[in-house]
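Readers should treat all values here as calculations from the given coordinates under stated rules, not as data from a laboratory. All figures in this text were calculated on a predicted structure; none of them were measured in a lab. With ideal geometry, Cβ positions are generated from the backbone for all residues, glycine too; neighbour counts draw on all protein chains shown.
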Amino acid sequence: MTFFIILGSLGIFLFGMKTLSEGIQKTAGEKMRQVMATMTHNRVAGVGTGFLTTCLLQSSSATTVIVVSFVNAGLLTLVESIGVIMGANLGTTLTAWIIAIVGKFSLAKIALPIIGIGTPFIFIGKGKWKSMGEILIGFGLLFYGLGALKDAVPDVRSMLASTEPEIVQKAESWRAFIENISGKGYLSILMFLALGVLLTIAVQSSSAAMAITVTLALNGWIGFQESCAIVLGENIGTTVTAYLASLGANTNAKRAARAHFTFNILGVIWMLAAFYAFIPMVESIGNSLPDSFRTEKHSTPIGFNLAIFHSTFNFINICLLIGFVPWIARFVKKWVKDDESESDSRLHFITQNLMKVGEMNFPEVQSAVEGMADITLEMYDDFENMFSDRTIDLTPAVEKSKDLENTTDQCMADITQYLVRLSSSELSRRNADDVSSMIRIVSELEEASDCVHRLVMLTDRRNRKGHSPFSDETTLELKKFTRLVGEFITFTRNNITPPISLNILKKAEEFESITDEMRRNLNKSSLSRMQKDGDLKREMLQIDINNQLEKIGNHCLNVIQSATGTVD
């Protein structure tokens with residue numbers, strides 16, 4: 001029965017941590033994205049960002065998953081991501097301090113009032129207020145789960161003092177077992193380290209694993225050295241989450257996950273070498289704590305010693321390795337080779353791995369949309385270059401254009417699928433509108449790329465058929481038209497992700513109005529030449545080109561309208 005009570009307590013703790021993390025991400029997700037994307041310009045800033053983010057989310061796993069997603073989206077470089085991951089490792093030590101501190105109090109007295117305050121916000125609140133309720137309930141459940149876990153695990157010392165022989169025998173058997181496997185030197189340390197790895201993988205949370213470890217230590221089930229070895233194993237086990245998040249992501253995201261593992265494993269290696277010298281130092285620090293941290297027997301609680309061990313280990317590890325971040329980056333680049341099957345930097349292909357909180361998925365999808373626009377712009381630049389030369393063989397250019405057009409088709413399918421899945425998660429009203437806008441945007445970009453490919457095919461037909469050239473005046477007007485459409489595409493690419501100001505929309509409408517007028521004038525000139533016995537096939541071809549250019553302008557305007565939210 002005790003086992004199921006412990007399991008239920010752990011479940012409440014994990015659910016509380018999940019609710020707390022998701023509530024914070026919903027409340028401050030956009031700000032967190034901005035901070036993580038802008039406040040990582042150097043290693044120290046990256047460490048600080050990772051530390052603060054993990055302290056807020058109470059989950060280094062959540063932070064590393066966000067980091068992997070941002071690297072996949074191209075918002076963080078590999079070197080920047082390593083700094084954030086280092087900070088996340090330090091931020092997760094807060095959990096041990098919380099457990100050690102609140103272990104001195106009756107957590108039910110703290111937890112239930114917090115849950116009571118947060119509950120009304122869940123049922124009557126909307127938006128930020130509802131998320132605030134989730135934060136409060138998450139805190140309450142987290143504390144309640146910790147309290148239940150602490151109460152569910154029996155104290156070995158109390159069991160040994162029991163008057164019931166069966167209870168005393170169980171306690172003595174457990175103590176003898178621990179003493180037996182603890183007396184094998186480094187082999188014992190490695191065994192408990194492996195236990196920490198397995199425990200963290202099993203519960204998928206280093207914070208939950210830490211809660212179990214501290215609780216067992218507080219109640220005398222394991223000693224301080226064994227607890228420290230388990231904590232080291234938990235540092236390795238937590239890297240599994242980032243690894244799973246990187247599956248299906250691009251090469252750099254995989255490298256970020258491997259960098260997380262490399263950093264943690266290097267820390268564990270040097271700590272194992274210094275383990276028996278480091279433990280007395282931690283105990284010495286613990287013994288120097290103020291009396292308010294001590295028990296009635298004037299011995300420092302093991303929970304505080306574990307928190308000190310976890311914090312000092314991660315802090316020293318950062319100090320030792322922060323100067324070697326470029327080396328770690330080079331190492332993981334050799335470990336994870338460039339994938340030749342991946343597209344180049346024009347597009348960071350979107351993964352289909354959604355993070356639990358919808359708001360945190362937007363950087364990746366926005367980056368993918370921008371990458372799709374880059375492909376369309378590249379296709380048009382190629383068209384402009386070939387349009388001015390009537391003599392070259394365009395077969396290679398046509399093949400390239402077709403390949404890029406197929407790529408945009410695939411991008412639209414992947415991004416749309418991702419957005420549809422994203423729309424089924426809980427989103428703020430603004431982000432829900434942004435999802436609808438981006439679905440329309442990728443559709444318009446795909447249509448624009450189709451038009452550009454048709455222009456390439458028409459130009460190829462012109463060169464192969466050898467139509468007579470236009471007059472200098474007409475040629476000049478055509479160059480103006482193609483240049484204007486190119487400027488419109490570039491303008492659209494630079495203003496593609498919502499929200500966009502109405503001034504941008506006004507400028508786009510001016511672009512589109514001019515393209516309409518130029519198309520009408522050029523078509524009118526072609527019809528006039530046809531009536532005067534001009535080259536009929538040449539003029540019909542030119543009208544087709546004019547119409548495709550004008551359609552591209554329409555699609556660009558639709559993109560801007562979607563980004564500003566003005567499309568019905």
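Counting other Cβ atoms within 10 Å as a rough exposure proxy, the listed residues 203, 442 run 203, 442 from fewest neighbours to most. Note on residue 530 and residue 316: the extension gain reaches 68.9 nm, defined as 0.36 nm multiplied by sequence separation minus the Cα-Cα distance.
Working ranking of peptides 482-489, 182-189 by packing, defined as the average number of other Cβ atoms within 10 Å per residue, highest first, is 482-489, 182-189.
Beyond 20 Å, how much of the Cα-Cα pair distribution for region 396-455 remains, as a whole percent? Percent of Cα pairs beyond 20 Å in region 396-455: 37.
With the radius of gyration and the Kirkwood radius both derived from the Cα set of region 358-564, what is their ratio Rg to Rh? All intermediate terms of the calculation are to be shown ahead of the outcome.
Values: Rg = 18.7 Å, Rh = 18.0 Å.
Result: Rg/Rh = 1.04.
In terms of the mean number of neighbouring beta-carbon atoms within 10 Å, the peptides 519-526, 251-258 order highest first as 251-258, 519-526.
Converting phi to 3J(HN,Hα) with the Karplus coefficients 6.51, -1.76 and 1.60 and the offset θ = phi - 60°, region 261-267 yields 5, 4, 4, 5, 5, 5, x Hz in sequence order, with x at every glycine or proline.
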